[in-house]
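Trainee: I'd like to ask some things about the structure below.
The values are calculated or read from the model by the stated rules, or taken from the named source; none is laboratory data. This is a predicted model, so every value here is computed, not measured. Here the Cβ positions follow ideal geometry from the backbone for every residue, glycine too, while neighbour counts run over all protein chains shown.
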Amino acid sequence: MKICMLTTTHPPHDARIFQKETNSLVKEHEVTIIAPSAAGGSETTGNVRIVSVKKPESRVLHFLTIVKAFLACLRQDCDVMHCHEPDALLIGMLAGRLTGRRVIYDVHEHWPSEIPFDLGIDAKTLAGRVLGSAVAAVELALARRADRIIAVSESVAERFRERGENPVIVSNYSHTGLQLPPISGGRNHRRLMYVAGSMHLHHGIRECVQAVSSLQDTYPDLSLTLIGNLRESPEEIAGSHPEARIRLTGYLPYAQMYEELNRGGIGLLLFRPDYYNIYIGLPNKLFDYMLLGLPIIATDLPEIGRIIREADCGILVDPADAAGIAEAIAYLAERPDEAVRMGANGRRAVEERYNWGRMEGVLLDVYRSLERSGN
């Protein structure tokens, strides 16, 4: 089959869309990705053709990205539109009606809460509630017309199941075939790592800096590396704690990100549940930390907490409590054997259960069933 992976918000080489799903699907299908980028243009990476539509700098002009993506879709020769957001789903439905293509909706996020947040609207206000309800209603109406629905987690799938739909779960588990050089002298559990594609204050980075600062006298070699695009100024993040040892790498390509992470000793995942999508989130980076054998300090949220408890691979804390975060860091820094044990538990859990190989089989089966059914 010829597949068009369509996204209006994620970058062309997104970890889930490109690194995982597309690289699995090309084993049995032809795949083109349509995605926004700052430059636009087209390229071929391996067996994957990428068509980038140039996006405007302002989010207010996002509708231009939607129009460009729709026109790009009409130009593609494909059998299936694999859509990754509600507006991408709308494009897929329209293009499908015009060209007879089938449509898969791949739900990564709780969009009724994510979209108001992205627009700077408080979900608790009347405007936020109205917008969230409208997004939910439109998304469900469109999803019901899709040929298949995929969801990233049971929590994301729940609202579709409540309305009679049955999404297939394809989680953001990690690849286990990484070939990284061994760490000389073993892991340094005073080297903290935090990865996020786009870092906001709701990632708890300000509290992380406060925790590191409070421990600096006790552990002078304690450091924090932030991997990703920082949405706040370094001065705002550091606040009154400029003495904290913080290193900013900016965005790193997939392979470089793993190389950088592999130098660390503890993985941080301290999301503040400022809106519902964060509350139920199950981020890629949790499994990346586990894959690399990093003990994890994380927020006790439903999906994240469940995985860490099941695997016994980290410590759960309150992300608003900098003192509690510092206590968890000190606990692992003082107990390297315990840190190694937790890291090994996480690695083993990925190898045995939370690995992309399992999800690849599920994803390919979705497409096989679509081929067999013809609808």
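Trainee: Could you name every one of the helices (runs of 4 or more DSSP H) located completely within the range 204-311 that has at least 3 residues being within 28 Å of Val350 (Cα to Cα) and modelled with pLDDT of 90 or more? Lay out the reasoning, then the answer.
Mentor: On the way: elements: 205-215, 234-238, 254-261, 276-279, 284-291, 302-311.
Helices (runs of 4 or more DSSP H) meeting the threshold: 254-261, 276-279, 284-291, 302-311.
Trainee: Further question on the same structure: Mind checking which pairs have a first residue in the range 343-367 that is polar (S, T, N, Q) and a second that is surrounded by fewer than 19 Cβ atoms within 10 Å (Cβ to Cβ), Cβ under 6 Å, 6 or more apart or different chains?
Mentor: Asn345/Asp312; Asn355/Thr176
Trainee: Select, from Ala330, Ala326, Ala320, the only residue that is touching a helix residue (DSSP H, G or I) at 6+ places or on another chain (Cβ under 8 Å), closer than 18 Å to Glu207 by Cβ and at pLDDT below 95. Please lay out each step first, then the result.
Mentor: Numbers: Ala330 fails: at pLDDT below 95; Ala326 fails: at pLDDT below 95.
Among Ala330, Ala326, Ala320, only Ala320 is touching a helix residue (DSSP H, G or I) at 6+ places or on another chain (Cβ under 8 Å), closer than 18 Å to Glu207 by Cβ and at pLDDT below 95.
Here's the yes/no breakdown for (1) surrounded by 15 or more Cβ atoms within 10 Å (Cβ to Cβ); (2) more than 21 Å from the chain's Cα centre (by Cα); (3) closer than 30 Å to Ile3 by Cα; (4) at pLDDT 95 or above:
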position	(1), (2), (3), (4)
Gly120	no, no, no, no
Thr125	no, yes, no, no
Val130	no, yes, no, yes
Glu139	yes, no, yes, yes
Val156	yes, no, yes, yes
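Trainee: Could you pull out the residue among Leu286, Leu291 that is buried (at least 20 other Cβ atoms within 10 Å of the Cβ), under 17 Å from Gln19 (Cα atoms) and over 15 Å from the mean Cα position of the chain (by Cα)?
Mentor: On the way: Leu286 fails: over 15 Å from the mean Cα position of the chain (by Cα).
Among Leu286, Leu291, only Leu291 is buried (at least 20 other Cβ atoms within 10 Å of the Cβ), under 17 Å from Gln19 (Cα atoms) and over 15 Å from the mean Cα position of the chain (by Cα).
Trainee: Take Thr176 and tell me if it is in a loop (DSSP other than H, G, I, E, B) and in contact with a strand residue (DSSP E or B) (Cβ under 7 Å, 6 or more places away or on another chain).
Mentor: Considered against the rule, which asks whether it is in a loop (DSSP other than H, G, I, E, B) and in contact with a strand residue (DSSP E or B) (Cβ under 7 Å, 6 or more places away or on another chain), Thr176 comes out as yes.
Trainee: Looking only at the range 165-191, which residues are under 23 Å from Ala349 (Cβ atoms) and under 20 Å from the mean Cα position of the chain (by Cα)?
Mentor: Selection gives Val168, Ile169, Val170, Ser171, Asn172, Tyr173, Ser174, His175, Thr176, Gly177, Leu178.
Trainee: Quick check on my filter: what residues within the range 20-65 are in contact (Cβ under 8 Å) with a residue 60 or more places away in the chain and either touching a strand residue (DSSP E or B) at 6+ places or on another chain (Cβ under 6 Å) or surrounded by 18 or more Cβ atoms within 10 Å (Cβ to Cβ) (or both)? Give the derivation first.
Mentor: Of the residues in the range 20-65, the ones in contact (Cβ under 8 Å) with a residue 60 or more places away in the chain are 20-21, 24-25, 27-29, 59.
Lys20, Glu21, Ser24, Leu25, His29, listed by residue number.
Trainee: When the residues of the range 44-79 are filtered to those that are outside any helix (DSSP H, G or I) and of a type in the set (Ser, Thr, Tyr), which remaining residue is modelled with the highest pLDDT?
Mentor: Only one residue fits best here, namely Ser52.
Trainee: From the list Leu89, Leu94, which residue is at pLDDT 95 or above, in contact with a Phe, Trp or Tyr (Cβ under 7 Å, 6 or more places away or on another chain) and of a type outside the set (Gly, Ala, Ser)?
Mentor: Numbers: Leu94 fails: at pLDDT 95 or above.
Only one candidate qualifies: Leu89.
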